[in-house]
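Worksheet for the structure shown next.
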Amino acid sequence: MEEKSSLLVVDDEKGPREALRMILKGRYDVETAENAFRALEYIGKKSFDVAIIDIKMAGMDGLQLLREIKVLRPDMEVILMTAYASVETAKSALQYGALDYLIKPFDNKDVITTVEKGIAKRGEFFKTRFEIEKLQLATTELTKEIENAKNSIEKHYTNTVKALLAAIDAKDQYTRGHSERVSKFTAFLADRIGITHDKILPLEQAALIHDIGKIGIEESILKKEGPLNQSELEEIKKHPVIGSRIISSVEFLHEMVPVVLYHHERFDGSGFPEGLKGTAIPLGARLVSIADAVDAMLCNRPYRSALAMDHVRREISSMAGRQFDPEIVAVVLTGGLIECYMSLFDYQPTGR
Ligand SMILES: [Fe+2]
């Protein structure tokens, strides 16, 4: 059975109060209060759909009660009752949020019509609130779906990078560990020069696969012990271009292309593959370039042992403005950054 709407009639005169109750009780759940204070007590305990309030009451009058109700239950509809002489007061009370007013002595039909209007407005209010709640729910669901999709993309992204990394490692043993260290050091440097965190992660991932192009280079060249001859050098110089082609085919890896393609460019323009100069070389590539070199110097290579710390510092310093961006070199050489770098990976080079 449908629940009846609830009304509260507030009047300090018993006559009109009871008269209203009699008119409305068949259609609605009607409660009555003999003054504003009692009414507030009831309203504090439950929300009525409509309150019908006499304006002229002893103690707290109807207008004051109307204001209190609008604070306590802003969505409750209020109808005022007034004697003919106070109609202007009732009209002006509409601005405080009263729905309408009834003039005493009231006509039964008027009472029912006005109360129905209040109930209809309450219905609209609940409908709107329901729609808003539905919308909020839909928004929450959508946000969750977006979050899941984002997580799924990130997972694919990470897995793709891992798969690419495994592909390089399988081909070139030297890159094992080297890629991770270059990646961490690049992130470390990026943080030091003030790159925002949201941009560091993609840079870290790009650094991780900077040598992906090596999977397109002959294994005999990659694994050759001792220095490479000219044609072998030319062959190995192709790896940035090969790498950039590999990752260009994967849409969500596009932003890594500049790092992969330009990590062998040199600040003085003598690098490869395009001979870009200075800040024309993307910042990510300039960072990876120095991280790559630092790690290479600190590691044993097939044709030489790892270099000592002082030696590495001198090398890096002498290459400022030639191979490396001098501003990044300054960052690397200050604050014991290379030492920090080594402690990041906890390895001891056998320096000479
Ligand atoms: Fe490389």
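Here the condition is being under 21 Å from VAL331 (Cα atoms) and open to solvent by 20 Å² or more (accessible area, probe 1.4 Å); of ILE193, ILE215, ILE200, it holds for ILE193 alone. When the criteria are applied in full, LYS184 fails the requirement of being within 16 Å of the ligand (Cβ to nearest atom) and open to solvent by 60 Å² or more (accessible area, probe 1.4 Å). Scanning the range 13-29 for residues that are more than 50 Å from the chain's Cα centre (by Cα) and surrounded by fewer than 18 Cβ atoms within 10 Å (Cβ to Cβ) turns up GLU13, LYS14, GLY15, GLU18, ARG21, MET22, LYS25, GLY26, ARG27.
Note on the range 228-272: residues that are farther than 23 Å from VAL329 by Cβ and either within 16 Å of the ligand (Cβ to nearest atom) or assigned to a helix (DSSP H, G or I) (or both) total 26.
Scan the range 187-209 and tell me whether some residue there is of a type in the set (A, V, I, L, M, F, W, C), under 29 Å from the mean Cα position of the chain (by Cα) and within 11 Å of the ligand (Cβ to nearest atom). Yes, some residue in the range 187-209 is of a type in the set (A, V, I, L, M, F, W, C), under 29 Å from the mean Cα position of the chain (by Cα) and within 11 Å of the ligand (Cβ to nearest atom).
The condition (being surrounded by fewer than 14 Cβ atoms within 10 Å (Cβ to Cβ) and either assigned by TED's automatic domain parsing to the domain that holds LYS70 or in contact with a Lys or Arg (Cβ under 7 Å, 6 or more places away or on another chain) (or both)) is satisfied by just one residue among SER152, SER92: SER92. Within the bounds of the range 96-119, is there any residue that is open to solvent by less than 80 Å² (accessible area, probe 1.4 Å), free of Cβ contacts under 8 Å to residues at least 40 places away in the same chain and under 19 Å from LEU201 (Cα atoms)? No, the conditions are met nowhere in the range 96-119.
If you take the residues of the range 30-86 that are open to solvent by 10 Å² or more (accessible area, probe 1.4 Å) and of a type in the set (Val, Ile, Thr), which of them is farthest from GLU18 (Cα to Cα)? Can you show your working first?
So in the range 30-86, the residues open to solvent by 10 Å² or more (accessible area, probe 1.4 Å) come out as 30-32, 34-35, 37-38, 40-42, 44-47, 49, 55-61, 63-64, 67-68, 70-75, 77, 83-86.
Still in the running and of a type in the set (Val, Ile, Thr): 30, 32, 55, 71.
Details: VAL30: 10, THR32: 8, ILE55: 16, VAL71: 27 Å.
Selected residue: VAL71.
The set of residues in the range 245-278 being more than 19 Å from ILE290 (Cα to Cα) and open to solvent by less than 30 Å² (accessible area, probe 1.4 Å) consists of ILE247, LEU253.
From the list ILE290, ILE338, ILE281, the lone residue that is touching a helix residue (DSSP H, G or I) at 6+ places or on another chain (Cβ under 8 Å), surrounded by 14 or more Cβ atoms within 10 Å (Cβ to Cβ) and more than 15 Å from PHE185 (Cα to Cα) is ILE281. When residues in the range 57-108 are screened for being farther than 20 Å from GLU13 by Cβ and of a type in the set (Phe, Trp, Tyr), 1 of them pass.
Please verify whether PHE130 is open to solvent by 60 Å² or more (accessible area, probe 1.4 Å) and in contact (Cβ under 8 Å) with a residue 24 or more places away in the chain, treating the condition exactly as stated. No: the conditions fail for PHE130. When the range 210-227 is limited to residues that are within 14 Å of the ligand (Cβ to nearest atom) and over 20 Å from SER183 (Cβ atoms), the one that is farthest from the chain's Cα centre (by Cα) turns out to be ILE221.
The values are calculated or read from the model by the stated rules, or taken from the named source; none is laboratory data. Model, not experiment: these values are computed from the prediction. Glycine also receives a Cβ, built like all others from the backbone with ideal geometry; neighbour counts cover every protein chain displayed. Calculation scope for accessible area: heavy atoms of the full protein, side chains included, ligands and nucleic acids excluded. Shrake-Rupley method; radii C 1.70, N 1.55, O 1.52, S 1.80 Å.
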